[in-house]
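The values are calculated or read from the model by the stated rules, or taken from the named source; none is laboratory data. Just so you know, these numbers come straight off a predicted model, no measurement behind them. Here the Cβ positions follow ideal geometry from the backbone for every residue, glycine too, while neighbour counts run over all protein chains shown. Surface areas here come from the heavy atoms of the whole protein model, side chains and all, with no ligands, DNA or RNA. Shrake-Rupley method; radii C 1.70, N 1.55, O 1.52, S 1.80 Å.
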Amino acid sequence: RGKRAFIAGIADDNGYGWAIAKSLAAAGAEILVGTWVPALNIFETSLRRGKFDESRVLPDGSLMEITKVYPLDAVYDTPEDVPEDVKANKRYAGSSKWTVKEVAESVKEDFGSIDILVHSLANGPEVSKPLLETSRYGYLAAISASSYSYVSLLQHFAPLMNRGGASISLTYIASERIIPGYGGGMSSAKAALESDTQVLAFEAGRKHGIRVNTISAGPLRSRAAKAIGFIDMMIDYSSENAPLQKELSAEEVGNAAAFLASPLASAITGAVLYVDNGLNAMGVGV
Ligand code: NAI
């Protein structure tokens with residue numbers, strides 16, 4: 001039987017999540033998606049109206065099928081965690097069962113099990129502020145949405161993952177090197193995500209027989225990256241300084257994720273895999 005993947009963090013066809021879904025679909029996996037509640041309506045409408053059809057084309061000419069889209073807000077674990085103002089918010093009130101625990105329950109009810117879990121989401125309300133000017137609220141919000149969200153997803157989904165399964169997240173080199181402009185505690189959040197990848201690899205490996213890895217991706221002009229404001233500069237910097245002087249395509253990250261999720265990577269866990277044209281290996285700009 002083919003594998004089944006749940007990919008959290010797709011709301012359009014520009015980001016890494018979409019590209020990962022495509023690579024997994026091309027390799028024969030069934031695709032389930034978790035979409036941020038406020039973005040759900042427009043994503044589903046665009047899907048239905050064929051707006052993504054061109055980007056749904058797989059290498060064999062067929063179109064990627066998304067079996068089901070679940071509303072998800074990875075900042076909340078259970079309904080009890082949701083504050084009243086969010087519950088009452090128009091963009092949330094139209095959907096239900098979108099906390100992490102409920103989504104995992106729904107996936108279990110609908111499909112029984114999954115093989116692959118992908119976390120392709122991040123959020124930091126103060127990302128454009130230097131760390132030195134970041135508020136406690138902004139810092140903790142970045143960690144909550146970008147790091148703990150992964151602990152929570154794995155906590156709730158690991159029990160429905162088949163042994164031999166794999167889990168992947170996306171990180172950024174700002175966790176270990178200084179990237180001015182990646183502020184608001186987002187660098188801290190990625191450092192936590194990478195450290196957690198190791199601890200979770202141990203714990204989920206022992207308990208569930210699944211692998212946990214993260215991809216440190218180079219710069220991509222996604223919706224989230226455009227919101228940070230310095231993405232064009234980072235792309236230019238990479239093409240000037242990286243060992244491979246080409247623009248990174250989302251597909252290259254998607255393919256690396258498909259490898260990590262496959263039996264070809266059966267002994268790889270707890271790893272940070274750089275998919276960045278080699279930029280991480282440079283010590284100076286050239
Ligand atoms: P994106 O905008 O395609 O993906 C981010 C997704 O997170 C969006 O779909 C958004 O709706 C979702 N999201 C935000 N808060 C959420 C929440 N509370 N619950 C559920 N979903 C939520 O952008 P991109 O860049 O593809 O981001 C995917 C991952 O790749 C992120 O972890 C990002 O940090 C990472 N990454 C991106 C790089 C880039 O240059 N674009 C470089 C390295 C890593």
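For the stretch 148-157, the condition of being within 16 Å of the ligand (Cβ to nearest atom), outside any helix (DSSP H, G or I) and in contact (Cβ under 8 Å) with a residue 60 or more places away in the chain holds for none of the residues.
Matching residues to (1) under 17 Å from Y148 (Cα atoms); (2) open to solvent by less than 20 Å² (accessible area, probe 1.4 Å); (3) among the aromatic types (F, W, Y); (4) without any contact (Cβ under 8 Å) to a residue 60 or more places away in the chain:
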| position | (1), (2), (3), (4) |
| --- | --- |
| L160 | no, yes, no, yes |
| R163 | no, no, no, yes |
| V212 | yes, yes, no, yes |
| S216 | no, yes, no, no |
| A224 | no, no, no, no |
| S238 | no, yes, no, yes |
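In the condition set (1) modelled with pLDDT of 95 or more; (2) part of a helix (DSSP H, G or I), I7 is compliant with all but (2). Among the residues of the stretch 240-256 satisfying the criterion of being open to solvent by 40 Å² or more (accessible area, probe 1.4 Å) and within 22 Å of the chain's Cα centre (by Cα), which is farthest from the ligand (Cβ to nearest atom)? The extreme case among them is N255. Checking each residue in the stretch 142-171 for being among the polar types (S, T, N, Q) and under 15 Å from the mean Cα position of the chain (by Cα) picks out S144, S146, S147, S149, S152, S167, S169, T171. One residue stands out among those in the stretch 177-208 that are under 21 Å from A256 (Cα atoms) and among the acidic types (D, E): the one that is most open to solvent (accessible area, probe 1.4 Å), which is D196.
I'd like to know if the stretch 222-234 contains one or more residues that are more than 22 Å from P180 (Cα to Cα) and either basic (K, R) or in a helix (DSSP H, G or I) (or both). No; the residues of the stretch 222-234 include none that is more than 22 Å from P180 (Cα to Cα) and either basic (K, R) or in a helix (DSSP H, G or I) (or both). Of the helices (runs of 4 or more DSSP H) that lie entirely inside the stretch 19-98, those containing 1 or more residues that are surrounded by 15 or more Cβ atoms within 10 Å (Cβ to Cβ) and small (G, A, S) span 37-48.
Mind listing whichever residues of the stretch 48-88 are touching a residue at least 40 places away in the same chain (Cβ under 8 Å) and over 17 Å from I10 (Cα atoms)? The one that is touching a residue at least 40 places away in the same chain (Cβ under 8 Å) and over 17 Å from I10 (Cα atoms): D77.
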